[in-house]
Every structure is written in structure tokens, then in C-alpha cells.
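Nothing in this text is a laboratory measurement; each read-out follows from the coordinates by a stated rule. Remember, it's a predicted structure, so these values are computed and weren't measured experimentally. Using ideal geometry, Cβ is built from the backbone for each residue, glycine included, and neighbour counts are taken over all protein chains shown.
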Amino acid sequence: MGTSGRSPSTRPVRVSLCSTSPDPRRRWPGSRPSNLAAALADLGRFDDAHRNLDAALARSRDDPAGQAWTHYYRDLVYGLQGREADALDAARRAHDLFDQLDDQLGQAIALTDLGWYHGRLGDHRQALDLCERALILHRKLGNRPYEAHTWSCLADTHLQLGDPAGAVPRYRQALDLFREFGDPYAEASTLAHLGACHIGGAGFRRRDERRLRFPARIPDQAFSYGRDTGIAGVVRGSGWRSTRDATMSAATSRAAAMVKARR
């Protein structure tokens, strides 16, 4: 991290690195430099973001928790750059440290990212396994924003496997949670993804369409959110994590064009 980017509000559905959702990382005081790195990455200043993270790693040399969260933020920055293999490595470093600290919250968050990047790199079965493990922990800990993001990641992976029927109920789980804690960008993104399942998805077949019986209002709901939050809300909300997926990118472009036409 599929809500989502980064991701919790993006992190649930990775709308932006700078999230307004409740963020458990705030319990680590050293997260301030990494928050700056997140803001720099959102502005496209990736070199500055990485320099900031290098400095944070140096300052937290004797602080395993600080190191873990810094590696986590590094994975987010790599993800925004489209460097999935590097992001996977950073997420793995974060998870290993969280594991050593017996930090279940950190483990769950890193597991979600490990699953996400395995999926982006084509290892979909491993992605499903990791995200399902993360989901169990998020639900146990009551971490609702990251639970929503993990449901979205699972849905995305099912879609990548050509299984829109498996993606739909997971997108709906994510959608219910995003609505519960009031994240309109993640909600719009999820509606757009549901709409993409409806109009084609990955290997979507006509008999699946009949069986799923999508309400026609799903794409319209995403477009209405685009009007309410601005066209950037739809484009960014469906955004960076799907730019390399031709089907989802086309769905996002269509959504943007229709929002613009309705203004």
C-alpha cells in the first residue's frame, strides 16, 4: 500500500503520504523528520525526502523503533516513485525490526505493505497471504484505518488475478470503513475501483457481471465525489498505486473526464 496512495488514509487507499486519519505512528516522537519526508515526497521532491530519511536513520541509530518507522516511511517514498522492489526491501527491513521489538502494530502495517508490493511485483499468492495475516492483526488491534487499507489491497490483488468477483466484496468492506471514519478521498477511490470492476476489471467476463449485479450508481458516486472534492480528488484518490495498471488507469481517466464534463 489496495482506498489507498500513503495510505493510513493511504495509507488507507494511499491517497497521500500526509494523512488526516488517526495515525498510530504518532506514538514515536522521532516520526517528525519522517513526516517531513512524507510531505516532500507528496510534492515530488524525492531526493530531498531520501536525504531527510538518511538523516533520520543516522539520528535514530540507537533507537530500533525509530529505525523501523524510518524504513517504513522509506518504503512509502519508494512506492510513490514506482520503485516497487526497493519499497519491498524497505518494508521488509521495517517488518524485521518491528518483529524484534514485538510491536504488533508495526508488524501489521509492514505486513500490509509487504503484501502490496509482492502483488505489484507479480507474486499475487504471496500478496494475498501477507495481507490476510495483516488483516487479522489490524482487526485484533482495532486499527480501523489500516484495516480498510488492507481490505483495499486484498481487493486490488484479486483484481490483478482476474478475479473481480473476489475483489468486489473486499472493496465493499474497505468502502464501509472509509465511510465510517469519513475519508472522502479514499471513498471516491474505492468507488472508482468498484466501477472499474463493473466496466471491465482484469479479465472481467459477462457472466460475472450478471452474477455480481452491480448497481449502476457506483461510478456516478465516484464522479459526485469528484465534484465535491475537486477533480484532483478522483484522480489522486484512484491515483498513484494504479498508474501502472492499464485498466485502472483508463478507468481513472474516464472518471476524470466525466467529472470535468459535469462541471
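Per-structure values
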{"quantity": "The stretch 62-130 - Rg and Dmax from Cα coordinates, angstrom", "calculated": "11.3, 36"}
{"quantity": "The stretch 86-156: chymotrypsin sites (Phe, Trp or Tyr not before Pro) falling in loop per DSSP and having at most 11 other Cβ within 10 Å", "calculated": "none"}
{"quantity": "Angstrom value of the Kirkwood radius, inverse mean 1/r, which spans all Cα pairs in the stretch 97-197", "calculated": "13.4 Å"}
{"quantity": "Modelled FRET efficiency - R0 41 Å, PHE46 with ASP176, Cβ distances, 0.05 increments", "calculated": "0.75"}
{"quantity": "Extension reserve of the ASP129-ALA85 stretch, reckoned as 0.36 nm per residue once the Cα distance is removed", "calculated": "14.0 nm"}
{"quantity": "Stokes-Einstein translational diffusion, the stretch 102-145 - Kirkwood Rh over all Cα pairs, 1.567 mPa s, 4 °C, in µm²/s", "calculated": "127 µm²/s"}
